[in-house]
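Here's the structure, in structure tokens; my notes come after.
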Amino acid sequence: MIIKVCGLKDAENLLELCKLNISMVGYNFYAPSPRYVDHLLPDITDKIKKAGVFVNASLDEIKEKKELYNLDYAQLHGDESVAFVKEVKFFVPVIKVFRINDQFDSAILQLYNFCDYFLFDTATDKFGGSGQKFEWKILNEWEINTPFLLSGGIGPGDVDGILKIVHPQFKA
């Protein structure tokens, strides 16, 4: 199982975390977020993949951060169109985020099947980082053809709930 830790902006914290058995880290490039990264972070091992978290960013910004931080993925957390996501995927693998609430129509996932991963997070008035959970078991009922990651308020006490996700595309 992939383990991704997001919202890292402190160099010492990042280096300590890299000593653990994690697969991926996320650097948040959304300025209104308290986790916003506005400085260079130290190089880390190539064994740990780096995802840049973007919210409705421009192609130029994503390209710039990809080069500056040596990103392995662009995690698109906003309202990016299918056409825009395809343009991003031309130069970097994409994790497309979907914000889940009671009105979410899972049929939209089929439009984005070309992405490398999906990430499902709880819909709030912000773009992630709420620490809130949605009803994870609904993922077992959806037709999802793309490997996906789970996000939203995950802590050590959630192991039992995570193990109830039996969807074959669930990866992290």
Considering segment 131-170 alone, what residues qualify as being assigned to a helix (DSSP H, G or I) and either of a type in the set (A, V, I, L, M, F, W, C) or within 15 Å of Leu109 (Cβ to Cβ) (or both)? Trp136, Ile138, Leu139, Asn140, Glu141, Val159, Ile162, Leu163
Output for segment 152-172, where each listed residue is touching a strand residue (DSSP E or B) at 6+ places or on another chain (Cβ under 6 Å) and either closer than 18 Å to Asn21 by Cα or at pLDDT below 80 (or both): Gly152, Ala172
Residues that are closer than 22 Å to Phe170 by Cα, surrounded by 19 or more Cβ atoms within 10 Å (Cβ to Cβ), of a type outside the set (Ser, Thr, Tyr) and out of contact with any Asp or Glu (no Cβ under 9 Å at 6 or more places or on another chain): does segment 11-26 have at least one? yes
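Tell me, which residue of segment 127-140 that is at pLDDT below 70 and not aromatic (Phe, Trp, Tyr) is surrounded by the most Cβ atoms within 10 Å (Cβ to Cβ)?
Of the residues in segment 127-140, the ones at pLDDT below 70 are 127-132.
With not aromatic (Phe, Trp, Tyr) added as a condition, the list becomes 128-132.
Values: Gly128: 27, Gly129: 21, Ser130: 16, Gly131: 11, Gln132: 12.
If we take residues in segment 127-140 being at pLDDT below 70 and not aromatic (Phe, Trp, Tyr), then Gly128 is surrounded by the most Cβ atoms within 10 Å (Cβ to Cβ).
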Residues in segment 68-87 that are closer than 25 Å to Asp125 by Cα and either among the acidic types (Asp, Glu) or under 16 Å from the mean Cα position of the chain (by Cα) (or both) total 9
(1) in a loop (DSSP other than H, G, I, E, B); (2) more than 12 Å from the chain's Cα centre (by Cα); (3) modelled with pLDDT of 90 or more all hold for Lys65 apart from (1)
Quick check on segment 71-86: of everything there that is modelled with pLDDT of 95 or more and in contact with a Lys or Arg (Cβ under 9 Å, 6 or more places away or on another chain), which residue is nearest to Tyr112 (Cα to Cα)? Val85
Applying the selection to segment 96-128, what residues are part of a loop (DSSP other than H, G, I, E, B) and of a type in the set (S, T, N, Q)? Asn101, Gln103, Asn113, Thr124
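The values are calculated or read from the model by the stated rules, or taken from the named source; none is laboratory data. This is a predicted model, so every value here is computed, not measured. All Cβ positions, glycine included, derive from the backbone under ideal geometry; neighbour counts span all protein chains shown.
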